[in-house]
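S.K.: Questions regarding the structure given below will be posed in turn.
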Amino acid sequence: MSAPFLVFYSPDPLASRDVDADVALITGLAEDSPVTVFLLHDGVLAAREGARADVVERLHAAGATVHADRLSLATRGVPDDRLRPGVTPLDLDAAVGILGRGARTFWL
């Protein structure tokens, strides 16, 4: 198994035309490496309970761990108790901790 990946994901899943390609890239990485996805900015909209996009479900099905940035959630009015199952709200400093453990990182 390869070194883990940390993927920062920021596009609104309903507004971006690249969502399917982004999810395919992430799920492909998850075939060979542990992947943590950190939703932030408009990307946290995918984490809302009842959101039309199925991004979180597809990421979980691939074995990725999904977190959502607390500040981005608060800025967009999404309380922790309205998140999809399996999405953990975290502060951005938690992502820095993952980086410190040697995760390869990129931003979508």
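The values are calculated or read from the model by the stated rules, or taken from the named source; none is laboratory data. On a predicted model such as this, the values are computed, not experimentally measured, just so you know. Quick reminder, even Gly has a Cβ in these numbers, built from the backbone with ideal geometry, and neighbours come from all protein chains shown.
S.K.: Could you check region 1-36 and list, in sequence order, the residues that are surrounded by fewer than 13 Cβ atoms within 10 Å (Cβ to Cβ) and either in contact with a Phe, Trp or Tyr (Cβ under 6 Å, 6 or more places away or on another chain) or among the hydroxyl-bearing types (Ser, Thr, Tyr) (or both)?
M.R.: Result: SER2, single match.
S.K.: Suppose we keep only residues that are of a type in the set (Gly, Ala, Ser) and at pLDDT below 95 within region 1-20. Which one would you say is nearest to ALA103 (Cα to Cα)?
M.R.: Among those residues, the one meeting the criterion is ALA3.
S.K.: Could you say which residue among ALA95, ALA64 is at pLDDT below 95 and under 13 Å from the mean Cα position of the chain (by Cα)?
M.R.: None of the other options fit; the residue is ALA95.
S.K.: If you check ALA53, ALA46, which single one turns out to be without any contact (Cβ under 8 Å) to a residue 60 or more places away in the chain, under 21 Å from PRO79 (Cβ atoms) and buried (at least 19 other Cβ atoms within 10 Å of the Cβ)?
M.R.: So the residue among ALA53, ALA46 that is without any contact (Cβ under 8 Å) to a residue 60 or more places away in the chain, under 21 Å from PRO79 (Cβ atoms) and buried (at least 19 other Cβ atoms within 10 Å of the Cβ) is ALA46.
S.K.: Something else: Is one or more of the residues making up region 2-21 over 20 Å from ARG104 (Cβ atoms) and in a helix (DSSP H, G or I)?
M.R.: Yes: region 2-21 contains one or more residues that are over 20 Å from ARG104 (Cβ atoms) and in a helix (DSSP H, G or I).
S.K.: Restricting the first residue to region 83-108 and requiring it to be without any contact (Cβ under 8 Å) to a residue 40 or more places away in the chain, which pairs with a second residue that is among the charged types (D, E, K, R) and in a loop (DSSP other than H, G, I, E, B) meet a Cβ separation below 8 Å and a spacing of at least six or different chains?
M.R.: Qualifying pairs under 8 Å: LEU83/GLU49; ARG84/GLU49.
S.K.: Taking the stated definitions as given, is VAL78 under 25 Å from ASP18 (Cβ atoms), part of a loop (DSSP other than H, G, I, E, B) and β-branched (Val, Ile, Thr)?
M.R.: Yes.
Residue by residue, here is whether (1) more than 15 Å from VAL7 (Cα to Cα); (2) β-branched (Val, Ile, Thr); (3) not in a helix (DSSP H, G or I) holds:
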position: ALA51; (1), (2), (3): yes, no, yes
position: LEU59; (1), (2), (3): no, no, no
position: GLY63; (1), (2), (3): no, no, yes
position: ALA68; (1), (2), (3): no, no, yes
position: LEU71; (1), (2), (3): yes, no, no
position: PRO85; (1), (2), (3): yes, no, yes
position: ILE98; (1), (2), (3): no, yes, no
position: PHE106; (1), (2), (3): no, no, yes
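S.K.: So, one more: Restricting the first residue to region 9-27 and requiring it to be within 13 Å of ALA62 (Cβ to Cβ), which pairs with a second residue that is small (Gly, Ala, Ser) meet a Cβ separation below 9 Å and a spacing of at least six or different chains?
M.R.: Here the result reads ASP22/SER16; VAL23/ALA62; ILE26/ALA62; ILE26/ALA64; THR27/ALA61; THR27/ALA62; THR27/GLY63; THR27/ALA64, each pair linking region 9-27 to a residue that is small (Gly, Ala, Ser).
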